[in-house]
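The values are calculated or read from the model by the stated rules, or taken from the named source; none is laboratory data. Just so it is clear, the model here is predicted, and its values are computed rather than measured. A quick note on method: Cβ atoms are made from the backbone with ideal geometry, for glycine too, and the neighbour counts reach across all protein chains shown.
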Amino acid sequence: MVSISDLKKISDFEWEIPTSIDKAMRVPVRIFATHKLLEAVMDDQSLQQAVNSASLPGLVGHVVVMPDMHQGYGFPIGGVAATSYPQGVISPGGIGYDINCGIRLLSSQIMYQEVVEYLDELASALNHACPSGVGVKGRIRLSDKELDNVCREGSRWAKQQGYADEADLQRTEEGGCIEGANPASVSSRARQRGKEQLGTLGAGNHFIEVEVVDQVFDQQAALLMGLKEGALTLQIHCGSRGFGHQICTDYVASFQSAVKRYDIHLPDRELVCAPLTSPEGQAYLSAMRCAANYAFANRQILAHFARQAFELTLAGKVKNWYLFQVYDIAHNIGKIEQHVVNGELMKLCVHRKGATRAFGPGEAELPEVYREIGQPVLVPGSMGTASWVLVGTEQSMQRSFGSTCHGAGRMMSRAQAKKKIWGEDLRNSLQAGGIHIRTGSLSGLAEEAPEAYKDVDEVVETVTRAGLARKVARLSPLIVVKG
Amino acid sequence: MKESQTSGYEEIEHTADCQVRVWGKDLSFLLMQAAISMNTLIGMALKPEPRLTRNFSLSFSDIEELLVSFLNELLFFIEMEGIGFDQFKLSIDDHQLDAIVYGAPIASLRKEIKAVTYHNLKIENTSHGLEAHIVFDV
């Protein structure tokens, strides 16, 4: 187990685990956290998992861990690991089972005071419009050909079907479509699961939330994003559903033998990987991109359903009920990107697991509208607490492979949360605080109680003080819909 | 004392996901306990009828791989066919499992498991038989 005394303090917000702590480490681990946030994870496996991740062949720079870190399986949640391309490896476990789990934020011109009396009706309309819950199938059934198109085209497919407009695509990471997705790399099992689940939210910590902008920190950035103090926003948190889960399961299984073929030795079997240029590595990369595109399309369709629910509830009651896309980002993904490492421009495979891309101003990958201010970063809080809109910085490019945190980060197990918190009490207290809740499971609600998470404000304070992002706006929840 | 039972399971704390410790007097019992622990984790309730049977075979190169594949197989039936299983007849030789699993349509499910992971997975010999810790991504 790693202890705080093993860490080298770089600043109040940055720490390093040197390679001397474990001979299997190929690079150091760099942690962005306050002493208090570090102490919060000393009882779990987060730091040991970060040390284990640092043993992947072909890593460059350092493994980065964000302040919302917590124990995962294999890699810690809140981790970033970059391998050189094409000499390095790709690890499905470094991306996670919910490939391209991510966040979409939409803004509006609807002022809270105008609609306060309709919020409960809006919560019901959203709950009805957006299928959620354990085992719930969607209203869309894809043929084999349509599924292939979703894999290749992501949100572009959604646009062809009338679920998106051009502005939505422009304001999505990768334009909602990562090139190089090959459906032939996807198993028949994944296909079966994928055909029935497009346009569904799922369960667990996935949600749709309506918020009000309660504070703006950067007027220029907020204006570009359509964020206005007192106006409503909507966030969608979900990923590639059973399609992505199956793809990761399939490749973690097949890579068990690949590591033997390529003579790769790892401290944990969940870290299995394959050289990026190997047939196995290429197959996973193209299958993972299929799931990433599926997830972009999934959030796009849910956004379309949410727009319908807003129209149904608010048309005729407010002047403009349209939801404008702010941005859509992945926080579980592997991307081929260029970064400067030790003064050298390198092509890398950046694994982000529970970490958000946070490209700084001027980066060519950003849509023109955001190129001057940096990429919008969406950091949801725990249920009932604030969420944050940030932008990436030049420093995030230099210090964390253009990445930052992805949320509050759990600190209490689900079992413990259920023991301590009664779902019905939680729902009543959230409702008493003016938050309208729709949930398929009260025990599931208890598992996601705010007490089970770190303080998102402290996590955001850490990444902004560390220079990995800049604050734009804070959002306060009004409606939570979860499965 | 739980260890005095020849087979069993218990949930272990995990910050974000679900972890169980399972034990059994041999590999078949370990697999069955793992399946039953997974049923409990997801809060699965079955309809009383119709009773249903499914057969499948899995090849494997080591017993940890077998454990993960077996549970993933059951998860696939749960998700795609809406069937859960509560009785198992397992025949295992060096590299193959032949399974007959008995169950019924699912009446309700409380939780979704995304995957069965290999995280720190090692099936170990104990004085009672075999034991493993399994982490489920939820």
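Data overview
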| read-out | value |
| --- | --- |
| From the options A:Gly230, A:Gly242, residue that is surrounded by 19 or more Cβ atoms within 10 Å (Cβ to Cβ) and either more than 14 Å from chain B (Cβ to nearest Cβ) or out of contact with any strand residue (DSSP E or B) (no Cβ under 9 Å at 6 or more places or on another chain) (or both) | A:Gly242 |
| Looking only at the stretch A:191-213, and only at residues there that are touching a Gly at 6+ places or on another chain (Cβ under 8 Å) and assigned to a helix (DSSP H, G or I), the one that is farthest from the other protein chains (Cβ to nearest Cβ) | A:Gly194 |
| Residue within the stretch B:25-37 that is touching a Leu at 6+ places or on another chain (Cβ under 8 Å) and either of a type in the set (Val, Ile, Thr) or within 14 Å of chain A (Cβ to nearest Cβ) (or both) present | no |
| Residues being surrounded by 15 or more Cβ atoms within 10 Å (Cβ to Cβ) and hydroxyl-bearing (Ser, Thr, Tyr) - total across the stretch B:96-114 | 0 |
| Enumeration of residues in the stretch A:77-100 that are more than 10 Å from every other protein chain (Cβ to nearest Cβ) and within 15 Å of the chain's Cα centre (by Cα) | A:Gly78, A:Gly79, A:Val80, A:Gly94, A:Ile95, A:Ile99, A:Asn100 |
| Some residue of the stretch A:316-333 being more than 17 Å from A:Cys177 (Cα to Cα) and charged (D, E, K, R) | yes |
| Condition check for A:Phe296: part of a helix (DSSP H, G or I) and more than 24 Å from the chain's Cα centre (by Cα) | no |
| Residue among B:Ile100, B:Ile134, B:Ile106 that alone is within 14 Å of chain A (Cβ to nearest Cβ), assigned to a strand (DSSP E or B) and within 27 Å of B:Glu49 (Cβ to Cβ) | B:Ile106 |
| Count of the stretch B:110-126 residues which are over 14 Å from B:Asp62 (Cβ atoms), at the interface with another protein chain (Cβ under 7 Å from one of its Cβ atoms) and assigned to a loop (DSSP other than H, G, I, E, B) | 7 |
| Given (1) in contact (Cβ under 8 Å) with a residue 60 or more places away in the chain; (2) among the aliphatic types (A, V, I, L, M); (3) in contact with a strand residue (DSSP E or B) (Cβ under 7 Å, 6 or more places away or on another chain); (4) more than 14 Å from chain B (Cβ to nearest Cβ), index of the condition A:Ala295 fails | (4) |
| Scan of the stretch A:1-28 for residues that are of a type in the set (Val, Ile, Thr), surrounded by fewer than 15 Cβ atoms within 10 Å (Cβ to Cβ) and modelled with pLDDT of 95 or more, ordered by number | A:Ile10 |
| Members of the stretch A:163-187 that are touching a residue at least 12 places away in the same chain (Cβ under 8 Å) and outside any helix (DSSP H, G or I) | A:Tyr163, A:Ala164, A:Arg171, A:Thr172, A:Cys177, A:Ile178, A:Glu179, A:Gly180, A:Ala181, A:Asn182, A:Val186, A:Ser187 |
| A:Ala283 closer than 30 Å to A:Leu232 by Cα, aliphatic (A, V, I, L, M) and in a helix (DSSP H, G or I) | no |
| Filter result for the condition that a residue is surrounded by fewer than 21 Cβ atoms within 10 Å (Cβ to Cβ), over 12 Å from the mean Cα position of the chain (by Cα) and more than 10 Å from chain A (Cβ to nearest Cβ), over B:Ser91, B:Ser61 | B:Ser91 |
| Number of positions in the stretch A:155-190 that are within 14 Å of another protein chain (Cβ to nearest Cβ) and hydroxyl-bearing (Ser, Thr, Tyr) | 2 |
| Complete set of residues in the stretch A:260-280 that are over 23 Å from the mean Cα position of the chain (by Cα), within 14 Å of chain B (Cβ to nearest Cβ) and either surrounded by 20 or more Cβ atoms within 10 Å (Cβ to Cβ) or outside any helix (DSSP H, G or I) (or both) | A:Leu266, A:Pro267, A:Asp268, A:Arg269 |
| Test: B:Glu49 is within 14 Å of chain A (Cβ to nearest Cβ) and acidic (Asp, Glu) | no |
| Pick from the stretch A:33-49, criterion among the charged types (D, E, K, R) and over 22 Å from the mean Cα position of the chain (by Cα), ranking: nearest to the other protein chains (Cβ to nearest Cβ) | A:Asp43 |
| Helices (runs of 4 or more DSSP H) wholly inside the stretch A:332-432 containing at least 2 residues that are within 17 Å of the chain's Cα centre (by Cα) and surrounded by 15 or more Cβ atoms within 10 Å (Cβ to Cβ) | none |
| The stretch A:237-260, residues that are free of Cβ contacts under 8 Å to residues at least 12 places away in the same chain and touching a helix residue (DSSP H, G or I) at 6+ places or on another chain (Cβ under 8 Å) | A:Ala253 |
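A quick yes/no check of all residues on (1) at pLDDT 95 or above; (2) over 20 Å from the mean Cα position of the chain (by Cα):
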{"position": "A:Gln161", "(1), (2)": "yes, yes"}
{"position": "A:Asp165", "(1), (2)": "yes, yes"}
{"position": "A:Glu173", "(1), (2)": "yes, no"}
{"position": "A:Ile178", "(1), (2)": "yes, no"}
{"position": "A:Pro183", "(1), (2)": "yes, yes"}
{"position": "A:Ser187", "(1), (2)": "yes, yes"}
{"position": "A:Glu196", "(1), (2)": "no, yes"}
{"position": "A:Gly199", "(1), (2)": "yes, no"}
{"position": "A:Gly204", "(1), (2)": "no, no"}
